[in-house]
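A.B. asks: Please read through the structure below; I'll follow up with questions.
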Amino acid sequence: MNKEELIKIKQKALDEHIPIIMDDTLEVLAEILKKERLSRILEIGTAVGYSAICFSEYLGHEGRIDTIERDPDRVKEARENIKKAEVEDKICIYEGDAVEILPTLDNEYDVIFIDAAKGKYPFFLSEAIRLSHEDSIIIADNILYKGYVMSDYNKHKQRTAVNNLREYIAEINNNPNLESKVLEIGDGLAISKVIKKSHEI
Ligand code: SAH
Ligand code: MG
């Protein structure tokens, strides 16, 4: 990959206030991704491709990242960035709403990274579990949402998002097929390992 281009892509995204993955969050993810040569990663929320380009470093030979983005301008920029970073052969962008695209997917992913509309996190989790195998890791960014999720915050227009993030945390803690932890890193990171894949739907 072209690291110089990656630095430029990151700087431009920061200048334009695009909520790309934070450095400390990326470090934690890198530790997880490094452990094994991954063959398939699914990302929900591409933005301009920054995180996907970073993750592509950790793919095994012939590994691939599928990433979903609904904003056409961001998709266009992500495609350009992925080309500049010289990782086109590793990243496939699905353009559209993840709520519609996820149900059409039918692969097993080693790692699934959820980083999109917070109000949809519980749905993304159920789809992530469906698209996982035993030992897959499901990671959700921004899970503590500026601290709102763990406070008694419940007024304001973000209430639905906060309630859905709380529901996500409750689900990962209660689901016996997952082993989960929530880290206060970046904007909050939930990491769940699929310890058992249940086959009933
Ligand atoms: N993962 C990126 C940042 C993603 S920002 C990085 O770290 O570099 C979140 C992105 O998710 C935004 O670009 C937004 O347009 C997209 N998004 C939000 N809800 C979505 C949905 N339901 N389907 C597809 N994309 C969505
Ligand atoms: Mg994020």
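The values are calculated or read from the model by the stated rules, or taken from the named source; none is laboratory data. Computed from a predicted structure; not experimentally measured. So basically every Cβ, Gly included, is an ideal-geometry build from the backbone, and we count neighbours across all protein chains shown.
A.B. asks: Here is a check on your reading of the model: is E69 crowded, with 24+ Cβ neighbours inside 10 Å and either over 17 Å from K8 (Cβ atoms) or more than 10 Å from ligand 1 (Cβ to nearest atom) (or both)?
C.D. replies: Working: crowded, with 24+ Cβ neighbours inside 10 Å: yes; either over 17 Å from K8 (Cβ atoms) or more than 10 Å from ligand 1 (Cβ to nearest atom) (or both): yes.
Considered against the rule, which asks whether it is crowded, with 24+ Cβ neighbours inside 10 Å and either over 17 Å from K8 (Cβ atoms) or more than 10 Å from ligand 1 (Cβ to nearest atom) (or both), E69 comes out as yes.
A.B. asks: If you don't mind, another one. Which members of region 11-49 meet the condition of being touching a Phe, Trp or Tyr at 6+ places or on another chain (Cβ under 6 Å) and either at pLDDT 95 or above or among the polar types (S, T, N, Q) (or both)?
C.D. replies: Once the filter is applied, which keeps residues that are touching a Phe, Trp or Tyr at 6+ places or on another chain (Cβ under 6 Å) and either at pLDDT 95 or above or among the polar types (S, T, N, Q) (or both), region 11-49 yields A13, I20, R40, I41, L42, E43, I44.
A.B. asks: Considering only region 121-148, state which residues are aromatic (F, W, Y) and within 17 Å of G186 (Cβ to Cβ).
C.D. replies: Of everything in region 121-148, those that are aromatic (F, W, Y) and within 17 Å of G186 (Cβ to Cβ) turn out to be Y121, Y145, Y148.
A.B. asks: Which residue pairs have Cβ atoms under 7 Å apart, sit 6 or more places apart or on different chains, and have a first residue in region 170-188 that is more than 16 Å from ligand 1 (Cβ to nearest atom) and a second that is of a type in the set (S, T, N, Q) and part of a helix (DSSP H, G or I)?
C.D. replies: Within 7 Å, the pairs are S180/N173.
A.B. asks: Do you know which residues across region 14-34 are of a type outside the set (D, E, K, R) and within 17 Å of the chain's Cα centre (by Cα)?
C.D. replies: From region 14-34, those of a type outside the set (D, E, K, R) are 14, 17-22, 25-26, 28-30, 32-33; that's our starting set.
Of everything in region 14-34, those that are of a type outside the set (D, E, K, R) and within 17 Å of the chain's Cα centre (by Cα) turn out to be I18, P19, I20, I21, M22, T25, L26, V28, L29, A30, I32, L33.
A.B. asks: So the check is Cβ under 6 Å with 6+ separation or different chains; which pairs have a first residue in region 49-62 that's touching a residue at least 60 places away in the same chain (Cβ under 8 Å) and at negative phi and a second one that's within 13 Å of ligand 2 (Cβ to nearest atom) and outside any strand (DSSP E or B)?
C.D. replies: From region 49-62, the pairs are S51/I21.
A.B. asks: Applying the selection to region 1-19, what residues are more than 17 Å from E57 (Cα to Cα) and assigned to a loop (DSSP other than H, G, I, E, B)?
C.D. replies: E16, H17, I18, P19 - these are the residues of region 1-19 that are more than 17 Å from E57 (Cα to Cα) and assigned to a loop (DSSP other than H, G, I, E, B).
A.B. asks: Which of the following residues is out of contact with any Gly (no Cβ under 7 Å at 6 or more places or on another chain), on the phi < 0 side of the Ramachandran plot and either among the acidic types (D, E) or away from ligand 1 (no atom under 11 Å from the Cβ) (or both): D97, D24? Can you show your working first?
C.D. replies: Details: D24 fails: out of contact with any Gly (no Cβ under 7 Å at 6 or more places or on another chain).
Matching residue, one of D97, D24: D97.
A.B. asks: Would you list the helices (runs of 4 or more DSSP H) that sit entirely within region 63-148 and hold 2 or more residues that are within 16 Å of ligand 2 (Cβ to nearest atom) and at pLDDT below 95? Before the answer, list the steps.
C.D. replies: Values: elements: 72-84, 98-101, 121-130.
The helices (runs of 4 or more DSSP H) meeting that bar number zero.
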